[in-house]
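**Student:** Shown below is the structure under consideration.
The values are calculated or read from the model by the stated rules, or taken from the named source; none is laboratory data. It should be emphasised that the depicted structure is a prediction, and the values quoted were computed from it without experimental measurement. Neighbour counts are summed over all protein chains in view; Cβ atoms, including those assigned to glycine, are modelled from backbone coordinates with ideal geometry. For the accessible areas, the whole protein counts, side chains as well, though only heavy atoms, and no ligand, DNA or RNA atoms are used. Shrake-Rupley method; radii C 1.70, N 1.55, O 1.52, S 1.80 Å.
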Amino acid sequence: MNTEQLNRIGQGGIVQEGIFVRFPDLVPAVREHYWREDGKHSKLLLIGESNYFDKHDMPYSDFTDAEKWYQGKDAKLIPDYRKTAVNNDIGYKTFTKVFNIMGKVLRDCNIDYSEGLAEAAFYNYFLRPAYNNGRNKGFKPLPIDRQVSGEALSGIIEYIRPNLVIFLSKLAYVEYENYKRLEGLIFEDVVFEHVSHPASPWWNRWNGSLGKVKLESLLRQYWVK
């Protein structure tokens with residue numbers, strides 16, 4: 001990936017040095033067949049919600065202080081022991097459900113493919129980790145989170161030019177739709193959709209109409225050719 005273009009995203013704004021200059025570990029993962037040379041599927045960007053830190057991370061990261069996280073000169077950001085976990089080149093089991101559906105759609109269309117995330121790109125929408133307090137780990141974005149996250153994703157979309165963006169989180173989808181509306185952003189020829197998170201009860205509820213079934217339908221309609 002062209003890091004120079006990525007590093008310009010957000011420069012001069014809330015994150016003065018550039019969003020991905022400050023958070024290089026949070027760049028989108030764009031895998032080898034995202035740009036498919038044979039054109040058998042379009043460019044798919046999957047969007048998760050956020051990473052999760054807990055009380056054990058508090059001495060080593062200022063993630064609970066939003067302004068310090070984005071702007072503090074001496075802020076403690078992502079500790080070394082967390083860098084692999086926050087990398088968007090994901091491998092956690094939750095998303096195997098998504099990859100399995102992608103593989104099923106490609107097989108049904110007689111399209112050769114590589115396993116896992118190889119046929120798409122992935123990115124987590126919120127750049128500040130949610131706090132997992134042991135009971136819940138839902139993210140409650142502040143205005144500064146909304147602005148930085150919206151600006152970051154808009155820059156990514158301009159850079160990697162997806163045809164289909166599927167949010168694996170209703171919260172992230174709604175937040176970005178609000179950001180686009182407030183900023184007057186229109187991305188021609190990009191389809192924005194969302195499904196329930198694969199770890200949520202809604203993934204299977206109502207025969208998967210909000211989760212797994214909806215994802216498969218979206219892939220068949222907008223992704224494969």
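**Student:** So which chymotrypsin sites (Phe, Trp or Tyr not before Pro) in the range 1-101 end up in coil per DSSP with only 13 or fewer other C-beta atoms within 10 Å?
**Tutor:** Trp35, Tyr92
**Student:** Mind scanning Lys137/Lys225; Lys43/Lys170; Lys55/Lys104; Lys40/Lys214 and naming the pairs with a C-alpha gap bigger than 31 Å? Walk me through the intermediate numbers first.
**Tutor:** Working: Lys137/Lys225 38 Å; Lys43/Lys170 21 Å; Lys55/Lys104 39 Å; Lys40/Lys214 21 Å.
Listed pairs above 31 Å: Lys137/Lys225; Lys55/Lys104.
**Student:** Turning to a different aspect of this structure: Using a probe of 1.4 angstrom, how much of the accessible area of the range 1-110 is carbon and sulfur, in percent?
**Tutor:** Roughly 46 percent, rounded to a whole number.
**Student:** What number comes out for accessible area per residue over the range 1-141 if the probe is 1.4 Å? Units Å², please. Write out the running numbers ahead of the final one.
**Tutor:** Working: 7270 Å² over 141 residues.
Dividing the accessible area of the range 1-141 by its residue count gives 52 Å².
**Student:** Once the convex hull of the C-alpha atoms of the range 76-120 is built, how many Å³ does it hold per residue, rounded to a whole number? Please list the in-between numbers first.
**Tutor:** Numbers: hull volume 3.1 nm³, N = 45.
Cα convex hull per residue, to the nearest whole number: 69 Å³.
**Student:** Compute and list, largest first, the equivalent-ellipsoid semi-axes of the range 108-190 from the alpha carbon gyration tensor, each √(5λ) rounded to a whole angstrom.
**Tutor:** Numbers: eigenvalues 131, 79, 22 Å².
Over the Cα atoms of the range 108-190, the semi-axes work out to 26, 20, 10 Å.
**Student:** Give me the tail of P(r) for the range 36-99 as a percent: Cα-Cα pairs with distance above 18 Å.
**Tutor:** 54 percent
**Student:** I want to check the label-to-label distance for Asp54 and Glu193. Put each point 7 Å from Cα in the C-beta direction and report it in nm to one decimal.
**Tutor:** For Asp54 paired with Glu193, the spin-label model returns 3.5 nm.
**Student:** Based on the mean of other beta carbon atoms within 10 Å per residue, what is the order of 145-152, 24-31, most packed first?
**Tutor:** Sorting 145-152, 24-31 by mean packing, highest first, produces 145-152, 24-31.
**Student:** Give me P(r) over the range 65-217, computed from all C-alpha to C-alpha distances, binned every 10 Å, as integer percentages.
**Tutor:** Once binned at 10 Å, the Cα pair distances of the range 65-217 give 9, 34, 38, 16, 3, 0.
**Student:** Accessible area of the range 132-222 with a 1.4 Å probe: how many percent of it is carbon plus sulfur? Walk me through the numbers before you get to the answer.
**Tutor:** On the way: 2400 of 4800 Å².
Accessible surface attributable to carbon and sulfur in the range 132-222 totals 50 percent.
**Student:** If you split all Cα-Cα distances of the range 1-62 into 10 Å bins from zero, what percentages do you get per bin, shortest first?
**Tutor:** 17, 32, 34, 14, 3
**Student:** Dipole magnitude of the range 1-152 about its Cα centre, charges +1 at Lys/Arg Cβ and -1 at Asp/Glu Cβ only, in debye to the nearest 20?
**Tutor:** 460 debye
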